[in-house]
Amino acid sequence: MHFSKTYSQLLLTLPPELRESAIQYRQLKKIINQIVAELTSLGLSPDILHDVLQPPSAAANDKGKQREDAPPSLPPHHGPRIIYELATVADHVEPRLRLCLDSSDQTPSDDPGPSTSPPRSEVMIPLPVPPDVLQNALGTTLFSDHPSALQEVSDGELVVRGVDSSALPTELIIPLVSDTTFLRTLTEAINSLSTHLATKREEFQCTLRSLSHDISSVSRPSSYGSSFHPHSPFSSDPANVSVTSHTLAIAPRSDLDTWRQIFQLYMEADIFQGHQERFRGERDTEDAEARLQAFASDLNERISKGTMKLRMKQSRTALKTFLELNTFILDLRKFQHVTAEATRKILKKHAKRTALPLAPDLCSPFVVTPDSHDRAPVLSRSSLRTGETLSLSLLLVQALTETLLPIIPHIDDYSCVICTGLAFKPIRLRCSHLFCVRCLVKLQKRGEEHCPICRAPTVLSADRSNVDWALLNFMKDWFPVEAKKKLQQNEREAAEEEMQELGLDVRGCVLM
């Protein structure tokens, strides 16, 4: 299947706002046919250009110092005579052919001093360039007095006779009109795409800010209600701090715990970027699409079974918007891939059909640079360093995670390093490390003096004054369910230890 048909089919899978700004691949193919026709009219078919065309880099190297292992350069009249170059004219790139005219056929004299021989009046110009094109390029006034100055000889060269060689230019510039149209069309398409992507990025960020406000409204902590009562060292006894269902129950109109589960599943899915030891970095489009579908299916299954409840209508709308933003990022990744492939193939086809080497390093509109707002995506022969660029889709993923995930505190950031559970009734040692009260009591009963993290002798000296009241209230506020379970577990373990110290069997009643 031809790529133009595959390209059209791939664009149909994308949303209209992206599909309408795609590169017109078939139009560029038609312009390439016009370029071939223009070159053929100049007598420079692709087969001929393959033999006589000299790239600009090679021409520049001939002027400098030759490498030691390189063969000596040939005289100018033996090398290629045509150079393809890209000149920047005003606001666009103009491709042209530079024809080097051979006027150095004089034999140098062995005697020092100026040469006394008269200048040669014959200049050899290699073909194929039609005489009428060459005469128009050199200027009609130059040959007004010598109408038969240009003559074609049998060995495939043009001879300029009767005209002083010093009056002739050493180089002839032939602009390529169709090739200019090709580059202008491609560059304008990339510029338009870059502008469109900048607009979509602003819309994405605006929607993201609105979504963050909505999620904050539907996932309010317990302190938003009047039933929350904070503790302090002046009004509370650490031993009597309790978590009752009345004081720490989630407000009826809050989906705090549900959104915490959603964000936890989202981080575990690693949809667009891997963070595991097995794989780190951006995932390919197919893998990201499969992971996004699995994430959405898991959410729908949990919601349908009732294990995950969204009590508020605003929460359901916010979840739909959250999934739409992720779908847009996925579509942007697909669009980036298909646009890069279309650009690569059309440039390759241009070089193959016309034999004109084209610089392939177009600035991608999908790449964000530190000064991207001042940079236009034009043809360039210099590449940006990888560390200075960032994929637009990856930038949107980072904006999504950095904006939404911090709205709800993650339980792993407030866990005890010993039991890995919520460090409720947090005890902060003099070394600033934090543990739950139950784990610290166990360390003290075993007589362990040193902190498990930094090995500072701070465990045995800890008492009620080491309770972190601010963090205790924060955990009660944002983790009411987890705090209640942790406190119940601590009370149960403390009761079992007390019974064991009294010599009582804690296995429960045994029927005889």
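The values are calculated or read from the model by the stated rules, or taken from the named source; none is laboratory data. For clarity, every value in this text was computed on a predicted model and none was experimentally measured. Glycine gets a Cβ as well: all are built from the backbone with ideal geometry, and neighbour counts include every protein chain shown. Please note that ligands, DNA and RNA were not included when accessible areas were found on the heavy atoms of the full protein model with its side chains. Shrake-Rupley method; radii C 1.70, N 1.55, O 1.52, S 1.80 Å.
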**Report entry** Subset of region 449-473 (residues that are farther than 17 Å from Lys425 by Cα and within 43 Å of the chain's Cα centre (by Cα))
**Finding:** Pro452, Ile453, Cys454
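Evaluate the following for Leu487: is it under 18 Å from Ser236 (Cα atoms) and assigned to a helix (DSSP H, G or I)? Talk me through it step by step, then tell me what you get.
Numbers: under 18 Å from Ser236 (Cα atoms): yes; assigned to a helix (DSSP H, G or I): yes.
Yes, satisfied.
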Query raised in the report: In region 1-53, which helices (runs of 4 or more DSSP H) lie fully inside it and hold 1 or more residues that are over 30 Å from the mean Cα position of the chain (by Cα)?
Result: 25-41, 46-52
Requested in this report: Could you list, in sequence order, all residues of region 326-340 that are more than 15 Å from the chain's Cα centre (by Cα) and open to solvent by less than 50 Å² (accessible area, probe 1.4 Å)?
Outcome: Asn326
Report task. Pick out the one residue from Lys352, Lys425 that is modelled with pLDDT of 85 or more and at negative phi. Result -> Lys352
Requested in this report: Those residues that are acidic (Asp, Glu) and without any contact (Cβ under 8 Å) to a residue 24 or more places away in the chain, I need them from region 282-338; list them, please.
Outcome: Asp284, Glu286, Asp287, Glu301, Glu324
Query raised in the report: Which residues, counting only those in region 267-297, are within 18 Å of Phe328 (Cα to Cα) and open to solvent by less than 30 Å² (accessible area, probe 1.4 Å)?
Result: Ala269, Asp270, Ile271, Phe272, Arg283, Thr285, Ala288, Leu292, Phe295, Ala296
**Report entry** Every residue from region 401-432 that is closer than 13 Å to Phe263 by Cα and not acidic (Asp, Glu)
**Finding:** Thr401, Thr403, Leu404, Leu405, Pro406, Ile407, Ile408, Pro409, His410, Ile411
Report task. Check whether at least one residue in region 424-441 is open to solvent by 30 Å² or more (accessible area, probe 1.4 Å), part of a helix (DSSP H, G or I) and in contact with a strand residue (DSSP E or B) (Cβ under 6 Å, 6 or more places away or on another chain), and report yes or no. Result -> yes
Report summary line: If we keep only residues of region 237-266 that are modelled with pLDDT of 70 or more and assigned to a loop (DSSP other than H, G, I, E, B), then the residue surrounded by the fewest Cβ atoms within 10 Å (Cβ to Cβ) is Arg253
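Quickly run through region 442-470 and pick out the residues that are of a type in the set (Ser, Thr, Tyr) and surrounded by fewer than 14 Cβ atoms within 10 Å (Cβ to Cβ). Please lay out each step first, then the result.
Here is the first cut: in region 442-470, the residues of a type in the set (Ser, Thr, Tyr) are 458, 461, 465.
Selection gives Ser461, Ser465.
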